[in-house]
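Worksheet for the structure shown next.
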Amino acid sequence: MPDEYIDIEISAEGAPGVKAGTPLREALTDFPEGSIGAEVDGELLGIEDPIKQGGHYRLLTLDSPQALKIFWHSAAHLLAQAVKRLYPDVKLGIGPAIRDGFYYDFDFGQPISSEELPRIEDEMRRLAEADQPITRAEMTPKEARELFSREGQNYKLELIRGLNEGISVYSQGEFTDLCRGPHLPSTGLIKHFRLLSLTGAYWRGDERNPMLQRIYGTAYPTAEQLAEHLQRLEEARKRDHRLIGRQLGLFSFHPEAPGTPFWHQKGVVLLNAVEEYWREAHRRHGYAEVRTPIILSRGLWERSGHWDHYRGNMYFTSQEDQEFAVKPMNCPGTVLMFGERQWSYRELPWRAAELGIIHRYEKSGTLHGLFRVRGFTMDDAHIFCTPEQLVDEIRGVVRLVYEIYARFGLTEVEVELSTRPLDRIGTDQMWDRAENALTDALKGEGSEFEINEGEGAFYGPKIDFHILDCLGRRWQCGTVQIDFNFPERFQLEYIGPDNQPHTPVMIHRAILGSMERFVGILIEHYGGDFPLWLAPEQAVVLPITDDEHPAAENVAERLSGAGFRCRIDGRAEKIGRKIRDAELLKIPYMLIVGAREAADGKVSLRRRHQGDLGVQSIESLIEQMHSEAAGDSPAVTE
């Protein structure tokens, strides 16, 4: 059913019409059947939530994609109600909607095991079948404290201490929770759900706080949608980059260096293939590759602002009575390089690209394979240009972003433009110019985009690029940010055509982001079954007996000489076992050399996913492999 729209106008005090604070349901004289809430200016409301502003409201049904956040939030409350019934003394934490589902944090006193999840699911089903109305009420801080004090909910009391007014609670049956909402009209709408896992989580994400237990779950309006999602989760588990990384011998982690990967030989080959293409693409687009130090003085980080705002995520060292920090970002070093000399407007833009090794402290509980690490290589670039060059430079970045993603077979890209936040530096005129430049650049390149009002950085607006992998998962990798802060802080200048000093515009820009994280994304996107140009091992020569070893060595030498990564499997195993092992290692080309192939100077060719392709000459094989490696990345094999 398509969404309906209504216009609501807030009436003046004392005048007839809709008053601010009126529940959405009461604001509509004819509330459409099946509506569960509304959206206005990006804000979601349940039907019991109060209207705060006039505007063009989109009424939401369970078929609306935006309604899933409301659906998952209500499912989290259903979970908490079920747990409270089964464990009356449990202390409740928080339970938000997240991407593709929800979670809720609990303090059980004595931890429970994941074997309890089916029992909790059964209780959730009983509550859903009861179809309890979900109602909203507002309280003063005193009333809220009294309510949750009676129930001994100390975590809720801590949350209330940070609230001065506008406290709301939602109730269903005997269960009441502190919550901003929005929620569904009743529990009966939540029929299809699954509890997925039980993990530990520090209260409010701080390791100094108690460790709670977090139950993750997912829910969908229909059984078919839930089944599809669970199938995607199963496929994602098979593609887990940590599992495939071990299977293919790409990387490992060790407690001696937590959060920092150890790259094995084949992993380095893969990483180098990505970096070599990155370098080649940047050279073609006029970037100069630079390299800045890993350790820089405290004074630089104070001057850049990182010391005040970011030092909790930085590593430090000292020597000869001086304090230093391991860089968490590359930009201050590049700024120092620009500031070394005087620039003319004729020399701009200066595009400085760097694959810089950086370190950021991440809490141990947040570390996750290659996706969340403490030491990584950042795909960075900083562009210094004149205001007149700004739009063209951003357009050039947008073109490069799409070009690089396409080479890796990532053709579905979603774009967001984040505008000025309330807390910002610079004048409105500067922000107008920057936001217009980003908008004009995206429109000039024909790129569709969504606007995130107020989500820009304090120092400038930005564009974020989100790639979608083969499972439809969204990964934010690329970003383009205009910076008003650094050029002012570091007093950067160039001499303009009027022979006077001017402040350059600075653009921060990343395309792949963390190289480690991007490789992890590629591993899961392809399931380790990489296109030929990325495969750590592109071909393996399989001699049938020891007699064919000399011929196999000749084949391997010719392929290696042609620039391909090739080895010989000389084990005393049957050829069927060798082929099976090569398939498990996801090697694209298997070149079988028997007595006839050795005599004719040819190979019997097998291509992964295509099987036996017959006997070919080495020359035609090399030509075929060159053609494949030079082409675009193929579609992902399911």
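None of the figures in this text is laboratory data; all of them are computed from the coordinates on show. This one's a predicted model, so the numbers in the text were calculated from it and none came from an experiment. Ideal geometry is used to build each Cβ from the backbone, glycine not excepted, and the neighbour counts take in all protein chains shown.
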- How many percent of DSSP beta bridges within segment 539-630 run antiparallel, rounded to 5? 55 percent
- Note on the structure: CD proxy, 222 nm, the chain: helix-only mean residue ellipticity via -39,500 (n - 2.57) per DSSP H run with n ≥ 4, per residue, nearest 500, stands at -10000 deg cm²/dmol
- Note on the structure: The distance between the Cα centres of segment 397-471 and segment 300-379, in whole Å, is 22 Å
- Item | Residues of type aspartates and glutamates that Lys52 reaches as a straight line, Cα spacing below 14 Å, ignoring anything fewer than 8 places off in the same chain | Asp7, Glu9, Glu13, Glu26, Glu39, Asp41, Glu43
- Principal-axis tilt of helix 117-130 within the chain, Cα atoms, nearest 10 degrees: 40 degrees
- Item | Positive minus negative residues near Arg509 (Lys, Arg vs Asp, Glu; Cβ under 12 Å) | -4
- Query: If we restrict to alpha carbons, what Rg and Dmax does segment 109-154 come to, in Å?
  - Reply: 15.6, 40
- Query: Among Leu417, Leu348, Leu163, what is the fewest-to-most ranking by other Cβ atoms within 10 Å?
  - Reply: Leu163, Leu348, Leu417
- Query: Exposure proxy check: Asp392, Asp177, Asp107 ranked by fewest other beta carbons within 10 Å?
  - Reply: Asp392, Asp107, Asp177
- Rounded to the nearest 0.05, what FRET efficiency do Ser149 and Lys52 give with R0 = 22 Å and r taken as the Cβ-Cβ distance? Could you check? 0.15
- Query: Between Tyr315 and Gln231, what is the FRET efficiency for a Förster distance of 35 Å, r being their Cβ-Cβ separation, to the nearest 0.05?
  - Reply: 0.25
- Note on the structure: At R0 = 56 Å the Cβ-Cβ FRET efficiency linking Glu224 and Asn499, nearest 0.05, sits at 0.20
- Pairwise label distance in nanometres, Asp131 with Lys19, each label 7 Å out on the Cα-Cβ vector: 3.3 nm
- Can you give the % of DSSP beta bridges in the chain that are antiparallel, to the nearest 5? 85 percent
- Item | Extension reserve of the Glu553-Leu422 stretch, reckoned as 0.36 nm per residue once the Cα distance is removed | 40.5 nm
- Item | For segment 72-86, Karplus couplings with θ = phi - 60° (6.51, -1.76, 1.60), whole Hz, Gly/Pro x | 5, 4, 5, 5, 5, 5, 4, 4, 5, 5, 4, 5, 5, 5, 7
- Task: May I have the pair-distance distribution P(r) for segment 539-630, computed from all Cα-Cα distances with 10 Å bins from 0 and rounded to whole percent?
- Result: 18, 57, 24, 1
- What's the angle, to the nearest 10 degrees (0 to 90), between helix 141-150's Cα axis and the longest principal axis of the chain? 80 degrees
- Say each of His466 and Leu243 gets a label point 7 Å from the Cα, pointing the same way as Cα to Cβ; how far apart are those two points in nm? 2.6 nm
- Task: Check cross-link reach from Lys91 to the lysines: straight Cα distance under 25 Å, and skip same-chain residues fewer than eight apart.
- Result: Lys69, Lys142, Lys156, Lys363
- Task: Figure the gain on full extension for Thr411 and Glu445 (residue separation times 0.36 nm, minus the Cα-Cα span) and round it to one decimal in nm.
- Result: 10.7 nm
- About its Cα centre, what dipole magnitude does segment 515-587 give when the only charges are +1 on Lys and Arg Cβ and -1 on Asp and Glu Cβ, stated in debye to the nearest 20? 140 debye
- Message: Under the rule of at least 5 residues apart or a separate chain, name every residue whose amide H is placed under 5 Å from the amide H of Ala457.
- Response: Lys462
- Which lysines does Lys266 reach when only Cα atoms under 23 Å apart count, and residues fewer than 8 places away in its own chain are ignored? Lys238, Lys578, Lys586
- Vicinal HN-Hα couplings computed from phi for segment 346-358 (Karplus, 6.51 cos²θ - 1.76 cosθ + 1.60; Hz; Gly/Pro x): 5, 8, 9, x, 10, 10, 10, 10, 8, 9, x, 7, 10
- Item | Crossing angle, helix 390-407 versus the chain [Cα axis fit, 0-90 degrees, rounded to tens] | 70 degrees
- Message: How would His56, His466 line up from fewest to most surrounding beta-carbon atoms within 10 angstrom?
- Response: His56, His466
- Query: When the chain is fully extended, how far beyond the present Cα-Cα distance does Arg208 get from Asn164, taking 0.36 nm per residue of separation?
  - Reply: 13.3 nm
- Task: Which order do the peptides 216-222, 257-263 take when ranked by the mean count of other beta-carbon atoms within 10 Å per residue, highest first?
- Result: 216-222, 257-263
